[in-house]
């Protein structure tokens, strides 16, 4: 079914329907599908057709937070002028690479709680009118190394709480997108000084930065506050590491305030 209608100059408009071959992907993978365009009662001039991924990111403005859709990874499906005679349907197949930094929405066969959303957005530039768009949600599954880290944290007593996407950059990482995902865990009884833990995965072509940010409870002789540590690992090493042991060393240090 054509889901979006653009009222263009003249009678009728351009209807846009995007069909995805699969409803899910992994970071570093590809989303494939077909875009169908149908003109209305008058000929329509199309100047370009594009697909991109979108996610909802939180922007901080002083004490307020505003959610806004952020597009990334845009690919041109059709460039140059295309004329659609009245009532004609045109099909355009596409392949959309999924950047390795794409936020994940699934872990351990379950949807992550929280605000993280990822979708494929189709944008059709129509001369003399506003763009026509069609947005289709997709699920993004965790990479093997992300599974290993998240499972290790659960084994250390942390409980996965929620995930969202924040606008901004994390220094000293391989980040290229203008936003990052935070996966929040409630505290573990094994680390009583850590009130909560936030994990961010910043993936690259050859490895990943695992960013651990903790909120530390204040003690009698030490203050509280947020503390951050970054673990960088190559994909060829990730499957051989003792993740519970590696993470314990970092978390124990964060709890003691050594870092």
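The test for being buried (at least 20 other Cβ atoms within 10 Å of the Cβ) and at pLDDT 90 or above holds for residue 251. Within segment 94-108, not a single residue is without any contact (Cβ under 8 Å) to a residue 40 or more places away in the chain, closer than 23 Å to residue 125 by Cβ and in contact with a strand residue (DSSP E or B) (Cβ under 9 Å, 6 or more places away or on another chain).
Residue count for segment 77-126, restricted to those that are crowded, with 17+ Cβ neighbours inside 10 Å and part of a loop (DSSP other than H, G, I, E, B): 10. Can you say whether residue 124 is modelled with pLDDT of 95 or more and not assigned by TED's automatic domain parsing to the domain that holds residue 247, as far as the supplied structure shows? So residue 124 does not fit the description; no.
Looking only at residues of segment 180-209 that are touching a residue at least 40 places away in the same chain (Cβ under 8 Å) and either outside the structural domain of residue 230 (by TED's automatic domain parsing) or under 15 Å from residue 168 (Cβ atoms) (or both), we find that the one that is surrounded by the most Cβ atoms within 10 Å (Cβ to Cβ) is 181. Of the residues making up segment 210-242, not one is over 24 Å from the mean Cα position of the chain (by Cα), at pLDDT 95 or above and crowded, with 20+ Cβ neighbours inside 10 Å. Would a scan of segment 150-163 turn up a residue that is in a helix (DSSP H, G or I) and surrounded by 21 or more Cβ atoms within 10 Å (Cβ to Cβ)? Yes, segment 150-163 contains a residue that is in a helix (DSSP H, G or I) and surrounded by 21 or more Cβ atoms within 10 Å (Cβ to Cβ).
Please determine, by comparing only the residues of segment 34-44 that are in contact with a strand residue (DSSP E or B) (Cβ under 7 Å, 6 or more places away or on another chain) and surrounded by fewer than 21 Cβ atoms within 10 Å (Cβ to Cβ), which one is farthest from residue 102 (Cα to Cα).
As a first pass, look at segment 34-44 and keep what is in contact with a strand residue (DSSP E or B) (Cβ under 7 Å, 6 or more places away or on another chain): 34-40, 43-44.
Now restrict to residues that are surrounded by fewer than 21 Cβ atoms within 10 Å (Cβ to Cβ): 34, 36, 38, 40, 43.
On the way: 34: 22, 36: 26, 38: 31, 40: 36, 43: 38 Å.
The residue in question is 43.
Within segment 228-253, residues that are within 13 Å of residue 214 (Cα to Cα) and assigned by TED's automatic domain parsing to the domain that holds residue 169 reach partners that are in a helix (DSSP H, G or I) and modelled with pLDDT of 95 or more with beta carbons closer than 8 Å, at six or more positions or on different chains, in the pairs 247/149; 247/152; 247/153.
The set of residues in segment 1-48 being part of a loop (DSSP other than H, G, I, E, B) and modelled with pLDDT of 75 or more consists of 21, 22, 23, 26, 27, 28, 29, 40, 41, 42, 43.
The values are calculated or read from the model by the stated rules, or taken from the named source; none is laboratory data. All values reported here derive from a predicted model rather than from experimental measurement. FYI the Cβ positions are ideal-geometry reconstructions off the backbone, even for glycines, and counts take in every protein chain you see.
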